[in-house]
Amino acid sequence: MITGSFKQNTFSALIICFLLLFVLWIPSLFSLLQIPAGEAYQQMQAHSLWMGLLPGAKIWTYIAFILTFVSATALLILNNRHLFHPVNDFLLPLLYVLFSSAIPATQWFSGTQAVVLFVFIGLHYLFLSHQRHPGLAELFIASFCFSLASLCFPPALLLLLLLPVAIIILRTFAWRDWVASFFGALTPYAYLLFYYRLAAKDIAGTQEAFLKLLPQGLPEAAFADTPLLVFFAGTALLLCLSLTHTLTKASVNKIKIMHIRTIFTWMLLLVIAGIIFYPSYNYQAMPLLAAPVTVITANYLAQPGKRKTKMLCWLFLLAAIIYLQYSGIFVIL
């Protein structure tokens, strides 16, 4: 009966997802976890254009919590308007909540929660440009949103590479598409250049601002803790099962679905690259990484068949997340 309510009532599903998100964030919201860690936060501040301006108030944890739930809702809306994956109403926000909030160290405001919304808005206009002719205005807005995301959160800089891939997949070749996307991506950077040039009146300040957006180098040891390794191993296994299953599955609407899956697969690879090349943001990039992971895995888990295998995936994923939550609390306490 409860599952049937989820399938038919989006509002009820979102309430359940909100409660689940609240349960995962209880240690952060009530200061059981001292987040952010001092050294990690200082590294991010040193390589950020704006984080040093934020006051160290508890309210930013609550803002991050709200933005995470809004992103889960936005993903559901994106699915209803463009993706049309055959999933239940509860599955996309549920999976996004689980993946984005699994690691306790991600449960504070680092900017990525807002960036996810920019990315979803950009994807909305990107898919909309495919439906309209010529769709240049939608393509400009999509590029603008992706570029704005890269300014707010440096690992998202690599997502700009997703734009030419998506244009090739979704649209026929036209030079106006490339011009619109180029100027859309260039506009936020042009404003940043103008702002720093006007404020600093020195080219050195402008160069320093742009250098903060560039990759910082490879990490020495990423995700070395046992609970994290268990979680990422389970997520990687689920992704492999999802990709191998959905890429070979026949579908009436196969061409459209394949295009969308290809775009989100590229997005997944670029976000992983962002985690590698921006080690200071490794855990904080999880809300961004959760977006393509959710879209790719949700379709597999919603398909009929192989119920035992999918139930084992669910149980392992939930066990890994619970292990992460309790290990994070016990380390602090």
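The values are calculated or read from the model by the stated rules, or taken from the named source; none is laboratory data. All figures in this text were calculated on a predicted structure; none of them were measured in a lab. We place every Cβ from the backbone using ideal geometry, glycine too, and count neighbours over all the protein chains shown. With ligands, DNA and RNA removed, areas are computed over all heavy atoms of the protein, side chains included. Shrake-Rupley method; radii C 1.70, N 1.55, O 1.52, S 1.80 Å.
Peptides 65-74, 185-194, ordered by how many other C-beta atoms sit within 10 Å of their residues on average, highest first, read 65-74, 185-194.
Structural descriptor for the stretch 86-186: relative contact order 26 percent, calculated from alpha carbon pairs under 8 angstrom and at least 6 residues apart.
Between LEU19 and GLU208, the modelled labels are 5.1 nm apart [label points 7 Å from Cα along Cα→Cβ]. The SER31 and HIS133 beta-carbon pair, evaluated with R₀ = 45 Å, returns a calculated FRET efficiency of approximately 0.25.
Heavy-atom accessible area with a 1.4 Å probe sorts ASP225, ASP177, largest first, into ASP225, ASP177.
Taking 16 Å as the cut-off, the amide N atoms of the stretch 114-135 that come nearer than this to a point 7 Å along the Cα-to-beta-carbon line of ALA174 belong to 126-135. Scalar couplings 3J(HN,Hα) for the stretch 287-302, obtained by applying the Karplus form with A = 6.51, B = -1.76, C = 1.60 to θ = phi - 60°, are x, 6, 5, 5, 4, x, 4, 5, 5, 6, 7, 4, 5, 5, 5, 8 Hz; x denotes Gly and Pro.
Full extension of the chain between THR244 and ALA273 yields a length gain of 8.3 nm, computed as 0.36 nm times the residue separation minus the alpha carbon distance.
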